[in-house]
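Visitor: Have a look at this one.
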Amino acid sequence: MKKATMTGLVFLLNLLAVPLFAQSLNDVFGLWKTIDDETGKAKSVILVYKYQDTLYGRIVMTLDDNELPKDTWDKPTERAEEMPDKPFYSGLDMIWDMEPRGDKWGKGKICDPAKGKVYGCEINYDDAKGELLVRGKIGPFGRNQFWQKVQPADLPAGFTIPENPVPSIPRT
């Protein structure tokens, strides 16, 4: 009797855990403000989106030193000079090929367009803080950034969010 009860309890806990993981995985989608871990200032707004069950992140707006809009995905002006083909910052998919891994996303890539470098990436939603933990890494070594959620109402008047984006992975 005890073995059957324990088996039933384990089964029930597993059933409850699946929706929790799914919710945590879905909490990452939307608009996020990147925070420079060296200056503490917001640098850009990223649209985290899903395309064919894979996660991507596109820069939709860059911010100046006063955290005001500098350029946007539909009117880009600044280029990532260190990357091949020198793409515009705004409109650049800087995160690509992320796959679900338990309660987080992993096995994908993230690029630092200012340096032209590409790293492995993990993304996890921090439920307690309501922030996105983004980790760029090479092997076991890496760096964390905490991104803050952006509500559409917080965006400048006239700014439009890209609808149904299709990935455009940069050449690296």
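Visitor: Just need a number here: residues in the stretch 37-50 that are in contact (Cβ under 8 Å) with a residue 60 or more places away in the chain and more than 16 Å from GLY91 (Cα to Cα).
Guide: Looking only at the stretch 37-50, we keep the residues that are in contact (Cβ under 8 Å) with a residue 60 or more places away in the chain, and these are 37, 42, 45-49.
This time we only want the ones that are more than 16 Å from GLY91 (Cα to Cα), so: 37, 42.
Count: 2.
Visitor: Have a look at ILE123, ILE95, ILE59 and point out the one that is among the aliphatic types (A, V, I, L, M), closer than 15 Å to VAL150 by Cβ and buried (at least 20 other Cβ atoms within 10 Å of the Cβ). Outline the logic, then answer.
Guide: On the way: ILE123 fails: closer than 15 Å to VAL150 by Cβ; ILE95 fails: closer than 15 Å to VAL150 by Cβ.
Of the residues listed, the single one that is among the aliphatic types (A, V, I, L, M), closer than 15 Å to VAL150 by Cβ and buried (at least 20 other Cβ atoms within 10 Å of the Cβ) is ILE59.
Visitor: All but one of (1) closer than 19 Å to ASP53 by Cβ; (2) part of a strand (DSSP E or B) hold for ARG135; which doesn't?
Guide: Status for ARG135: all satisfied but (1).
Visitor: Restricting to the stretch 37-56, and then to whatever is in a strand (DSSP E or B) and among the basic types (Lys, Arg), can you tell me which residue is farthest from PHE146 (Cα to Cα)? Even if it seems obvious, please write down each step before you answer.
Guide: Of the residues in the stretch 37-56, the ones in a strand (DSSP E or B) are 42-51, 54-56.
This time we only want the ones that are among the basic types (Lys, Arg), so: 43, 50.
On the way: LYS43: 12, LYS50: 20 Å.
It comes out as LYS50.
Visitor: Filter the stretch 110-120 down to residues that are touching a residue at least 40 places away in the same chain (Cβ under 8 Å) and either touching a strand residue (DSSP E or B) at 6+ places or on another chain (Cβ under 7 Å) or crowded, with 18+ Cβ neighbours inside 10 Å (or both) and give me whichever is farthest from THR54 (Cα to Cα). It would help to see each step written out before you state the result.
Guide: Step one: filter the stretch 110-120 for residues touching a residue at least 40 places away in the same chain (Cβ under 8 Å), giving 110-111, 113, 116, 118.
Pick out the ones that are also either touching a strand residue (DSSP E or B) at 6+ places or on another chain (Cβ under 7 Å) or crowded, with 18+ Cβ neighbours inside 10 Å (or both) and you get 110-111, 113, 118.
Values: ILE110: 14, CYS111: 17, PRO113: 21, VAL118: 18 Å.
Step by step, filter the stretch 110-120, then rank; the result is PRO113.
Visitor: If you take just the strands (runs of 3 or more DSSP E) that sit entirely in the stretch 64-127, which of them hold at least 1 residues that are within 14 Å of the chain's Cα centre (by Cα) and closer than 20 Å to VAL28 by Cα?
Guide: 93-101, 104-112, 117-126
Visitor: Please work out which residue is surrounded by the fewest Cβ atoms within 10 Å (Cβ to Cβ), limiting yourself to the stretch 138-163 and to residues that are in a strand (DSSP E or B) and more than 11 Å from the chain's Cα centre (by Cα).
Guide: The initial filter retains those residues of the stretch 138-163 that are in a strand (DSSP E or B), namely 138, 141-150.
From what is left, the residues that are more than 11 Å from the chain's Cα centre (by Cα) are 138, 141-144, 150.
Working: ILE138: 11, PHE141: 8, GLY142: 13, ARG143: 12, ASN144: 12, VAL150: 19.
Per the criteria, the residue is PHE141.
None of the figures in this text is laboratory data; all of them are computed from the coordinates on show. Remember, predicted model here, so these are calculated numbers, not experimental data. All Cβ positions, glycine included, derive from the backbone under ideal geometry; neighbour counts span all protein chains shown.
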